[in-house]
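Everything on this sheet refers to the single structure shown next.
Each reported figure results from applying straightforward, stated rules to the coordinates on display, with no laboratory input. What you see is a predicted model; the values in this text were computed from it and never measured. Here the Cβ positions follow ideal geometry from the backbone for every residue, glycine too, while neighbour counts run over all protein chains shown.
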Amino acid sequence: MFPRVILKGTMIKKSQQKKRTSPCNYKERLFVLDTQDLTYSERRCGKKPMVKGCIELCRIKCVEIVCSDVPIPCTYKYPFQVFHGNHYLYIFAPDNDCRQRWVRALKEETKQNNLVAKYHPNFWMDGKWRCCQQTEKLATGCNVYDPVGFASKKPLPKLPDPELRVHDTGQSTVVALQDYSPLGDHDLPLHKDQSYTLVNGSHTEWWLIKDASGNTGYVPSTYVAEKSASNFERFEWYNKNITRAQAEDLLMAERKEGAFMVRDSRQAGVYTVSVFTKAPGSNGEKNPRVKHYQIRQADEGEATFYLAEKYLFSTIPELIHYHQHNAAGLITRLRHPVSQDGGCCSQDVPDPSKEQWEVDPEELTLGQELGSGQFGVVLEGVWRDRQVAVKMVREECMSDDDFKDEARVMMRLSHCKLVQLYGVCTQRSPMCLLFELMENGCLSEYLRARRGSLTLDTMLAMCLDVSEGMAYLESSNFIHRDLAARNCLVSKNNEVKISDFGMTRFVLDDQYTSSQCSKFPIKWSAPEVIRYCKFSSKSDVWSFGVLMWEVYNEGRLPYDTRSNAEVVESLSAGLRLLKPRLAPQPVHLLMEWCWKEKAEDRPSFAVLLHELASL
Ligand code: ADP
C-alpha cells in the first residue's frame, strides 16, 4: 500500500552539527509527513525538490516543542524536536499553530513506538542541555514525555477559581514589558508597551490577562507590570529588606560588570538601584565599585519614574527593563540581576576553556596589520587552515567579562551577510577575537577608493546586501546600535557584510557611549537615540538610511562640515540629509522613510529588503 501524505509544508531545519566545531546553519526545507516517513527536501527553481533526508517514523522516540530561552537565530521562531535513533532534529515552524499541527500529527503517528519516558524541553547547545545542564547528548531527559499531549510542557497554573475571576475583573491594568509568543493553547501573546486587563494575578508565575479584543490567556507574570502597584517580589532583581552595605557586599562578591539589584531606600516608598562596575573612574583608573541610583519621580504622586536621564516610565519594572538594555546615563547597563538568596540569577559563564568558542592560541598564527579601530589593531591571521582577521582587544577598551557572555550569542548569529565571529582567544593577553577575513576592507574606504567608477547597480546591490543582513538581525531580535558604512566590510567577491554588531555595548570609553560626548555617532543616530539612548531595530533602520546615503555619495561623510550640535538642531527642525546626486528617486524615498521622526513610522528591515529587491 502507498503511504498517505498527512502534512506538507516549508519549515527551517537546523544542521545536525555532527562535529562540535562545525558552524550551525539553518536551511529552508520542504517537509512531508506521510504514514511511513518524515522527508525533507530542498526546493529548486523550476525543478523537482531534491530529497535531503528521510526519517522512518518507526525510529522516532520523541516529538515535542522546544521551550527556548535564547533568541532563535532564524526567521521561523517556533522550534520543535524530533528525536530519532541517536539524533536530534530541530525544526522551526513559522507560527505556533503550524508547530502544534506538526507536533500533534507526528505524535499521533509515533505513539505506538518504543518511546522515551523522559525528554529534554530545551535545546542541546554548546555541548550541554540548556534545560538540565547535562553534558552527555544522549543523557536521559529531565521532563516526563507525554506521547499524546501536544501543548507545551511548561508548568501552567491551575485555572483560577471562578469566584476570584469575577471579583478581579477590570480591577487593574498591566503593561507588557516585552513581547511574548504563546507556547501553549492557554497563553495570550503580549506586545511590548501595550496595556491589558489583569483578570487574575493570584498565581506567582502565570497571570491571567485580557487583551483589548476580549481574549483571555496566561502570560509569565514577570513579562508584565501593574500600573498601580509597588509589589516587585516576583522579579528576580528585587531584594526586600536589604541594607546599602549588604547590597554592596553581595554585588562586590559577584564582581560582574552590571550586576545589579533594586532595594528599598531608607526613605519609605522610595527605591534604589545598586549596580557593580569596573569602568574606569574620572581619573582613568580601573576602580571596581558599587554605584547607587535612587529611582526618582518626575511629579510628586504621579507614576512617572526615572533614573539617570529624564526618560520617564509609568512603572518601575518598565524602567528596569529599559535600563537592562540601555545604559542611558547609568555607568553601565543593568546586566545581571543579583538576589539575596541565590547570587547571580543569570546563568554563570562556564569555564571558557571548555567552550566551543574558545580558540587555542597554539592554533593561531598572526600576520600583517589590516587596520585599527576602537578596540585596537586588527591583524591578518591563519587559524585551522582558514584565513581570519584577528581583532586584538586592548584591555582598557572593552568590558571583556560581558563580551565573553555575549560572544556565545554572537557566534550563533550566522548569515551570509554578517561578518562571522569564529571564536575568542581569552588565554592570551590581549584577548583577541577571530572574524571571517574580508579581503576588501571597510565599505567606506572601498567606496571612496572607487569614486566615479561604481555603477548604480553595484550601489543598489550593496544596499541590498546590508538590508538582507539587517533583516536577519531584526528577526533575531538583535540590535546593531552602530550601523554605518565604516562598520561594514567588503569580501573578495565585492559582497558587503555587516560587522561590529552589538559591539558598542562593550566599549568602556564614555566619550563613545554617551550621546552627549564627542565620539558618539550622532550623524547616524535616530532622534530617540540622541535624546534617550533608546535603541531598537527601528533606530538601526534610521542608521541604514544614512548608510544608503553614504553608498550613493560614494563614501562621503554625512553632514560633512557640520558639528554634532548643528546636526541635532537641524534634525529637530525637521531637516534631513539631501538627496544624493546619484540616487534614483525611489531609493531617496526609501531613505526618507528611514528618517521618519517617529520610530514606528519607519519601515522594518523585512519591508526595506522587499522594497529594495523590487527596484
Ligand atoms: P574596531 O571594532 O576595533 O573599531 P574595526 O572593526 O573598525 O575595529 O576594524 C578596523 C579596521 O580593520 C577596519 O577598518 C578594516 O580595515 C580592518 N578590519 C576589521 N575587521 C576586518 C575583517 N574581518 N577583515 C578584514 N579587515 C578587517
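Let a ≥ b ≥ c be the square roots of the eigenvalues of the Cα gyration tensor of the stretch 1-151; is it rounded (a/c under 1.5), or, if not, prolate (a/b larger than b/c) or oblate?
Taking the square roots of the gyration eigenvalues as a ≥ b ≥ c, the stretch 1-151 is oblate.
Roughly how many nanometres apart are two label points built 7 Å out from the Cα toward the Cβ at SER372 and GLN297?
Distance between label points: 5.3 nm.
List the residues, sorted by chain then number, that are 5 or more residues from TYR422 or on another chain and whose placed amide H is less than 5 Å from its amide H.
When sequence neighbours closer than 5 places are left aside, the close amide H contacts are LEU434, PHE435, GLU436.
Which of SER15, PRO121, ALA93 sits closest to the plus end of the dipole of the stretch 5-144, meaning its Cα is farthest towards the positive end, when Lys and Arg get +1 and Asp and Glu get -1 on the C-beta?
Of SER15, PRO121, ALA93, it is SER15.
Over the Cα atoms of the stretch 513-615, what radius of gyration and what Dmax do you get, in Å?
13.2, 40
Going by average Cβ density within 10 Å per residue, which order do the peptides 477-487, 594-604 take, highest to lowest?
Per-residue Cβ counts within 10 Å, averaged per peptide and sorted highest first, yield 477-487, 594-604.
Using the charge dipole of the stretch 443-613 (Lys, Arg: +1 at Cβ; Asp, Glu: -1 at Cβ; taken about the Cα centre), state which of PHE544, VAL496, THR455 has its Cα farthest towards the positive end.
Ranked along the dipole, the leading option is THR455.
Treat every Asp and Glu Cβ in the stretch 5-144 as -1 and every Lys and Arg Cβ as +1, leave all other atoms uncharged, and give the resulting dipole magnitude about the Cα centre to the nearest 20 debye.
I would put it at about 440 debye.
Per residue of the stretch 586-600, in order, report the coupling 6.51 cos²θ - 1.76 cosθ + 1.60 (Karplus, θ = phi - 60°) as ³J(HN,Hα) in whole Hz, putting x for Gly and Pro.
x, 5, 5, 4, 5, 4, 5, 5, 5, 9, 5, 4, 8, 4, 5
For the stretch 446-455, just list the computed ³J(HN,Hα) in residue order, Karplus coefficients 6.51, -1.76 and 1.60, θ = phi - 60°, integers in Hz, with x standing in for Gly and Pro.
4, 5, 5, 5, 10, 3, x, 10, 7, 8
Output the relative contact order of the stretch 238-344, whole-number percent, from Cα pairs under 8 angstrom with separation of 6+ residues.
Reported relative contact order: 25 percent.
Once the dipole of the stretch 238-344 is set up with Lys and Arg at +1 and Asp and Glu at -1 on Cβ about the Cα centre, which of LEU307, ILE295, ALA245 lies farthest towards its positive end?
Of the candidates, ALA245 comes out farthest on the positive side.
At a Förster distance of 60 Å, what's the computed FRET efficiency of LYS579 paired with LYS227, Cβ-Cβ distance as r, to 0.05?
E between LYS579 and LYS227, to the nearest 0.05, is 0.85.
Subtract the Cα-Cα distance of ASN114 and GLU569 from 0.36 nm times their separation in residues, and report this length gain in nm to one decimal.
156.8 nm
For the stretch 369-376, take each phi angle, set θ = phi - 60°, evaluate the Karplus expression 6.51 cos²θ - 1.76 cosθ + 1.60, and give the result in whole Hz per residue in order, putting x for glycine and proline.
6, 9, x, 8, x, 3, 9, x
Would you mind pulling out the separation of the Cα centroids of the stretch 577-615 and the stretch 57-87, in Å?
About 38 Å separates the Cα centre of the stretch 577-615 from the one of the stretch 57-87.
Let me know the charge dipole size of the stretch 238-344 about its Cα centre in debye, to the nearest 20, where only the beta-carbon of Lys, Arg (+1) and Asp, Glu (-1) is charged.
380 debye
Give me the net charge of ASP264's neighbourhood, meaning all other residues with Cβ under 11 Å from the Cβ of ASP264; Lys, Arg count +1, Asp, Glu -1.
Taking every Cβ under 11 Å from that of ASP264, the sum is +4.
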